[in-house]
1. So A82 ticks every box in (1) surrounded by 16 or more Cβ atoms within 10 Å (Cβ to Cβ); (2) more than 20 Å from A59 (Cβ to Cβ) but one. Which box is left unticked?
2. Please pick out the residue among S127, S139 that is more than 22 Å from S51 (Cβ to Cβ) and loosely packed, with under 15 Cβ neighbours inside 10 Å.
3. Give just the number: which of (1) of a type outside the set (V, I, T); (2) within 22 Å of L84 (Cα to Cα); (3) buried (at least 18 other Cβ atoms within 10 Å of the Cβ) does F177 not satisfy?
4. Just to be sure before I move on: is V184 surrounded by fewer than 14 Cβ atoms within 10 Å (Cβ to Cβ) and under 15 Å from the mean Cα position of the chain (by Cα) in the structure I sent?
5. Taking region 68-98 only, how many residues are out of contact with any Phe, Trp or Tyr (no Cβ under 6 Å at 6 or more places or on another chain) and either part of a loop (DSSP other than H, G, I, E, B) or within 21 Å of L191 (Cα to Cα) (or both)?
6. Yes or no: G132 touching a residue at least 40 places away in the same chain (Cβ under 8 Å), surrounded by fewer than 20 Cβ atoms within 10 Å (Cβ to Cβ) and small (G, A, S)?
7. Looking at this structure, is L148 more than 27 Å from Q53 (Cα to Cα), of a type outside the set (D, E) and in contact with a Phe, Trp or Tyr (Cβ under 7 Å, 6 or more places away or on another chain)?
8. Which number in (1) under 23 Å from A195 (Cα atoms); (2) among the small types (G, A, S); (3) over 16 Å from the mean Cα position of the chain (by Cα) marks the one condition that A114 misses?
Amino acid sequence: MSQAVEVRQGSGSGRLDGEANSTGEMAWWQDGRRCLGRPCQNASVVGPDASQQRLLLEAWLSAHQAYAALMATGRTPFSRRAVLARVASLAGQQGDAEYVYVLMERRLDEDVPAYVGKAKDPLRRWSQHLSGLEQGEGSYARWRRRLLREGHHEARFDLHLYVVGQSHVAFAPLPDFPSTIGSVEYQLIGLAAGAFPLPLLNVEGQAR
């Protein structure tokens, strides 16, 4: 099955075509370039407008609300133990081989995506994320500036985390696209990057 969606790259626009291979992953072509497994670098999926992208993202998150938990409350101490316990609970109740996860912030009465990722072991991955956040070095310096109050080990805003296993993905974020974890991850990154002005903490997969 193949799909095509409009994309924006830099200041221009183009067409991004995708075709699922035998494993369900996507092989992408953009302006004659082939990018296996994910959209080409610096290309983000865009719909008719940002509001449509937001609706698609919100619909997907709403359908998977059962696999979300509060990670931290704004202006309260950030507890590594509590976060890891909730991640373990979310993954443990599903028992899948691979998961996609979405970190959301509650900013000014709206939920804003902060990071989208995937992992075979979410507990181990989030242990790594939290260690990076505590040290605040390299790419995690941006995490620390965005997620924690300056000079404090406290969350700036309420943080919610979605952890959704492969067998619990109800549908793909983009209609008629594959619902494999790898494809869902990049669809969510594309929608989040296009729908919200605040860039994700992800290093790759965004036009910004």
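Any read-out appearing in this document is the output of simple, stated calculations on the displayed coordinates, not a laboratory observation. Only a predicted model underlies this, so the values are computations on that prediction, with no experimental measurement involved. Virtual Cβ from ideal backbone geometry, glycine too; neighbours counted across all protein chains shown.
1. (1)
2. When all the criteria are applied, what remains is S139.
3. Answer for F177: the failing condition is (2).
4. When the stated conditions are applied, V184 does not pass them.
5. Count: 11.
6. It is false that G132 is touching a residue at least 40 places away in the same chain (Cβ under 8 Å), surrounded by fewer than 20 Cβ atoms within 10 Å (Cβ to Cβ) and small (G, A, S).
7. The answer is yes for L148.
8. For A114, the exception is condition (3).
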